[in-house]
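Asks: Can you read through this structure? Questions will come right after.
The values are calculated or read from the model by the stated rules, or taken from the named source; none is laboratory data. Fair warning: this is a prediction, and the values are worked out from it, not measured in the lab. Cβ atoms come from the backbone with ideal geometry, glycine included; neighbour counts cover every protein chain shown.
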Amino acid sequence: MKTGKTALSLIMGASFLLGGTTAVIAADGAAIAEKCERCHGKNGNSEKDQVPNIAGLSSAYFIGTMEDYQKGDRPGKEFETEGHDKIDMNAIAKKFNKEELDALGEFFAKQTFQAHEQKTDPELVKKGKKLYKKLKCKKCHTENGSEAEDDAGILAGQWMPYLQSQFDQFKNDKRTQPKKMKKRFDKLTDEDVPALIHFFASQK
């Protein structure tokens, strides 16, 4: 009987250890991020102007955005790369579990955001800067939209076509806005939007 109890104890102990080992194995953010390269580029710096840089985003913002895609609270525009079928972020986001999203968020937060060299209109940049101050955008998008710690994305140096697509979603109520942002957004005219886009894109 003693031998049987000892054997049972060893089996239970081994099961506990194996279970514990499984629980502490973390998802490999770098490995998972390789799946994102086709659209978002190496380490999250996109070479496609319709696709945003995600390098340097705060982990909280990245995870929150992916959860919005999973729930359908944020629409994902269909995108196609050479040799692959069209796909959108809503479908992609649903493929990841919480542990994987946490790992991805941590990985991309450690990467360096590379601002894009884009042709901007000096007059629009000047007007956009005034709007940025007038509308007090810096309350959420500090340092001209360059601070990841705001947990509000990175606008400075982001692709202009991508920024335009997001403004269009806000305008058409396809993407949910925080109340304080919507209050400011509703004050914008059709001429104001390009000015803000050129302003943010001009930042390095």
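Asks: Kindly establish whether Asp73 is within 22 Å of Phe170 (Cβ to Cβ), at pLDDT 95 or above and not in a helix (DSSP H, G or I).
Replies: no
Asks: Give Ala195, Ala201 a once-over and let me know the one that is assigned to a helix (DSSP H, G or I) and more than 21 Å from Cys39 (Cα to Cα).
Replies: When all the criteria are applied, what remains is Ala195.
Asks: Please enumerate the residues belonging to region 102-161 that are surrounded by fewer than 17 Cβ atoms within 10 Å (Cβ to Cβ), among the charged types (D, E, K, R) and in a helix (DSSP H, G or I).
Replies: Glu106, Glu123, Lys126, Lys130, Lys133, Lys134, Lys138, Lys139, Glu143, Glu149
Asks: For Ile11, indicate whether it is surrounded by 10 or more Cβ atoms within 10 Å (Cβ to Cβ), assigned to a helix (DSSP H, G or I) and modelled with pLDDT under 95.
Replies: Answer is yes for this residue.
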